[in-house]
1. Consider TYR61 carefully, then state whether it is assigned to a helix (DSSP H, G or I), farther than 19 Å from ASP202 by Cα and open to solvent by less than 50 Å² (accessible area, probe 1.4 Å).
2. Kindly provide the set of residues from region 64-85 that are out of contact with any Lys or Arg (no Cβ under 8 Å at 6 or more places or on another chain), modelled with pLDDT of 95 or more and open to solvent by 30 Å² or more (accessible area, probe 1.4 Å), ordered by number.
3. Restricting to region 109-140, count the residues that are of a type in the set (Gly, Ala, Ser), in contact with a Ser or Thr (Cβ under 8 Å, 6 or more places away or on another chain) and farther than 23 Å from ASP70 by Cβ.
4. If I filter region 228-245 down to residues being in contact with a Pro (Cβ under 7 Å, 6 or more places away or on another chain) and open to solvent by less than 50 Å² (accessible area, probe 1.4 Å), which single residue comes out as modelled with the lowest pLDDT?
5. Please go through region 133-156 and give me each residue that is of a type in the set (D, E, K, R), closer than 21 Å to ARG37 by Cβ and open to solvent by 10 Å² or more (accessible area, probe 1.4 Å), ordered by number.
6. What number goes with the only condition from (1) under 25 Å from VAL144 (Cα atoms); (2) among the charged types (D, E, K, R); (3) at pLDDT 95 or above that ASP29 does not pass?
7. Please count how many residues of region 76-107 are touching an Asp or Glu at 6+ places or on another chain (Cβ under 8 Å), within 22 Å of SER149 (Cα to Cα) and outside any loop (DSSP other than H, G, I, E, B).
8. In this structure, is VAL52 free of Cβ contacts under 8 Å to residues at least 24 places away in the same chain, among the β-branched types (Val, Ile, Thr), within 26 Å of LYS11 (Cβ to Cβ) and surrounded by fewer than 16 Cβ atoms within 10 Å (Cβ to Cβ)?
Amino acid sequence: MVEQLARPKDKVEVYWFSEQPYGHVTDADLEPYESGRLGFPNTYFDPAKANVLYNQYHEQYALADEVGFDGIMSNEHHASYWCMKPSVNLDAAVISKLTKNCKIAILGNVIAINDPVRMAEEIAMLDCYSGGRIISGFVRGTAVETLQSGIKPTDNRERFEEAHDLIIKCWTEPGPFRYEGKHYQYHAVNPWVRPMQDPHPDIWFPGTGSPESVVWAARHQHPYMNLGALVDTTEWLKNVYIETAHETGFQPGPEHFGYLLRCLVADTDEEAIEIGREFLWTMGHRQRGPREHNDPPGYQSREAVKVKSQRPTGDVAGGGGL
């Protein structure tokens with residue numbers, strides 16, 4: 001066993017991240033289809049091209065570790081040409097063998113649509129593979145993940161919170177034990193593999209702007225990672241976290257906050273700005289589709305919508321809300 005990875009308080013840590021897109025999709029390919037995700041046929045996928053891309057992305061991982069990035073962050077999405085990672089744990093396994101020093105931040109497992117006991121086992125395996133370098137991020141997932149999994153949007157948050165509690169129980173309480181919850185039931189839970197870190201890998205919670213999620217993260221003292229919201233919204237969400245932390249009984253510090261910076265390189269500033277308009281907002285591509293794909297009824301609670309209406313942008317729908 002090793003101590004849980006410490007959260008830095010006196011410096012900013014920088015993590016390498018790539019969505020690992022399938023870069024061969026063109027605007028002309030997308031044009032005939034209403035949705036860039038659930039409606040875009042997977043016949044456009046070529047495994048041979050993906051093989052080349054995957055290996056290029058893996059070379060980037062090795063280089064990021066070599067040049068001294070503090071960590072590598074990975075994620076997962078489903079039915080998405082712009083993210084060829086339907087399993088973040090598989091990607092983390094590759095990272096654990098390609099790198100030696102950097103932290104590995106999983107941001108994150110969509111635990112609301114998966115078996116939480118299996119998730120606990122897989123993350124424990126990864127922590128042992130890597131020598132205790134795993135940071136375990138949990139996410140609700142976008143609405144598309146919920147729709148594709150076949151679960152009700154209204155059940156997503158409840159399933160997420162119950163799965164979170166059960167995973168921690170798997171990591172910290174001796175088995176076997178019986179578990180009877182609302183959404184998950186097991187006659188016997190006895191995960192053999194346990195994390196290398198004591199008591200368990202640190203848990204981070206990323207989101208796109210749902211204040212209800214910020215409140216949940218603060219109540220559990222989990223760091224909140226803002227995935228690129230506007231500055232005024234980000235500041236507002238940080239204040240929501242701080243206020244909730246004080247109500248919970250602890251003083252948050254810089255170790256409780258993270259932010260996703262999007263980086264784009266082009267030959268000139270003008271070209272970068274033009275390309276970057278779509279790269280930043282992605283509404284014409286990754287978010288393209290009917291409203292029910294991004295924000296189906298019941299995916300956000302009434303309380304979340306109520307709180308969102310108070311934020312500076314006034315936007316209560318967002319891009320699916322985490």
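The values are calculated or read from the model by the stated rules, or taken from the named source; none is laboratory data. In this text, all values refer to a predicted model and were calculated from it rather than measured experimentally. A quick note on method: Cβ atoms are made from the backbone with ideal geometry, for glycine too, and the neighbour counts reach across all protein chains shown. Note: accessible area is taken over every heavy atom of the protein model, side chains too, but ligands, DNA and RNA are not part of it. Shrake-Rupley method; radii C 1.70, N 1.55, O 1.52, S 1.80 Å.
1. On the way: assigned to a helix (DSSP H, G or I): yes; farther than 19 Å from ASP202 by Cα: yes; open to solvent by less than 50 Å² (accessible area, probe 1.4 Å): yes.
Yes: the conditions hold for TYR61.
2. Within region 64-85, GLU66, VAL67, GLY68, PHE69 meet the criteria.
3. Adding up the residues that qualify gives 1.
4. Step by step, filter region 228-245, then rank; the result is THR233.
5. LYS152, ASP155
6. Failed condition: (3).
7. So the count comes out to 3.
8. Values: free of Cβ contacts under 8 Å to residues at least 24 places away in the same chain: yes; among the β-branched types (Val, Ile, Thr): yes; within 26 Å of LYS11 (Cβ to Cβ): no; surrounded by fewer than 16 Cβ atoms within 10 Å (Cβ to Cβ): yes.
For VAL52, the condition - free of Cβ contacts under 8 Å to residues at least 24 places away in the same chain, among the β-branched types (Val, Ile, Thr), within 26 Å of LYS11 (Cβ to Cβ) and surrounded by fewer than 16 Cβ atoms within 10 Å (Cβ to Cβ) - is not met.
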